[in-house]
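Encoded as structure tokens, the structure appears first; notes follow it.
The values are calculated or read from the model by the stated rules, or taken from the named source; none is laboratory data. It should be emphasised that the depicted structure is a prediction, and the values quoted were computed from it without experimental measurement. No Cβ is skipped: glycine too gets one built from the backbone with ideal geometry, and neighbour counts run over all protein chains shown. SASA here: full protein model, heavy atoms, side chains in, ligands and nucleic acids out. Shrake-Rupley method; radii C 1.70, N 1.55, O 1.52, S 1.80 Å.
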Amino acid sequence: MINTNTKIEDIVKLDNAIMDFFNKEKIDFCCNGHMTIEEVAGEKNISPQDLLEKIEKNMDANNFREKEGLDLEKFKDLSLKEMVASLIVDHHNKERDLLFEIDPLLNKILSVHYNHHGKELMKLHSLFADLKKELEEHFVKEEEVTFPLMLKNENPSPEIIKKVEDLEVDHEKAGSIIKEMIDLTSWFKVPEDGCNTYEYTFNLLEKLVKDVFVHIFKENSIMFEKYIESEEK
Ligand SMILES: [Fe+2]
Ligand SMILES: [Fe+2]
């Protein structure tokens, strides 16, 4: 059972579908998953008991809702080698494709809607460029350096642990760019005069952001945690 001292990441492990609720409530389950309900409530200036009740209500509702094919359960049971392969195929490649698709679309809506939404779109365009750079460079670092090192050394050395911690720092950077994007667009809300391309682009951005959240959660709270714990045994 959960209580106000339960960590956000442990709630996600219990109920994957709660991620939607956390996204809507702007509760960070990936980079700050170690925070407890009480700590999050404190930051948001709300009562921990109210937040706990809301979370429990959502968890109950999720029991009746069909799960969205989120495969955290399966992911948890994979070997390190399988986890790496799955992260690359299911997240790195998928997000690379999304970044590639969104880039020209965002440029297009910036030109077409500049007169009415120039300020917001200029900022979004610039945040997206930062996120694209951050993620693409981060993926290659994981794929070419840190993941192979982890696979070669089942018992982590302090040097490898340092590299893993560097990746977590990158995750926080990406997470804070994403938070700015969410605040700027009120969670990718399309303005009333937005065209179909506007809507399509915002849908893709939302898809990207949700995927990055699950991706970071799998790395920080499942794979890295499992890897680093193996040192302590
Ligand atoms: Fe990754
Ligand atoms: Fe990563």
task = Please state which of the following conditions Lys173 fails to meet, knowing it meets all the rest: (1) farther than 24 Å from Leu98 by Cβ; (2) open to solvent by 80 Å² or more (accessible area, probe 1.4 Å); (3) of a type outside the set (Ser, Thr, Tyr).
result = (1)
request  = Taking the residues in segment 200-233 that are basic (Lys, Arg), away from ligand 2 (no atom under 12 Å from the Cβ) and part of a helix (DSSP H, G or I) as candidates, determine which candidate is surrounded by the most Cβ atoms within 10 Å (Cβ to Cβ).
outcome  = Lys207
query = Within segment 25-38, is even one residue open to solvent by 70 Å² or more (accessible area, probe 1.4 Å), more than 28 Å from Phe202 (Cβ to Cβ) and more than 16 Å from ligand 2 (Cβ to nearest atom)?
reply = yes
task = Might you check whether a residue that is within 12 Å of ligand 2 (Cβ to nearest atom) and closer than 19 Å to Asn220 by Cβ occurs anywhere in segment 114-132?
result = no
query = Quick one: Ser157 ticks every box in (1) free of Cβ contacts under 8 Å to residues at least 60 places away in the same chain; (2) farther than 18 Å from Asp28 by Cβ; (3) open to solvent by 50 Å² or more (accessible area, probe 1.4 Å) bar one, so which box is it?
reply = (3)
query = Which ones in segment 155-174 are farther than 12 Å from Ile216 by Cα and within 14 Å of ligand 1 (Cβ to nearest atom)?
reply = Lys163, Val164, Asp166
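Out of curiosity, is Lys24 within 29 Å of Glu144 (Cα to Cα), away from ligand 1 (no atom under 16 Å from the Cβ) and modelled with pLDDT under 90?
Numbers: within 29 Å of Glu144 (Cα to Cα): no; away from ligand 1 (no atom under 16 Å from the Cβ): yes; modelled with pLDDT under 90: yes.
No: the conditions fail for Lys24.
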task = Please enumerate the residues belonging to segment 174-191 that are within 16 Å of ligand 2 (Cβ to nearest atom) and out of contact with any helix residue (DSSP H, G or I) (no Cβ under 6 Å at 6 or more places or on another chain).
result = Gly175, Ser176
request  = Answer yes or no: is there a residue in segment 84-100 that is modelled with pLDDT of 95 or more, surrounded by 17 or more Cβ atoms within 10 Å (Cβ to Cβ) and away from ligand 1 (no atom under 16 Å from the Cβ).
outcome  = no
key: segment 101-148, subset free of Cβ contacts under 8 Å to residues at least 12 places away in the same chain and over 24 Å from Glu172 (Cα atoms), residue surrounded by the fewest Cβ atoms within 10 Å (Cβ to Cβ)   = Asn115
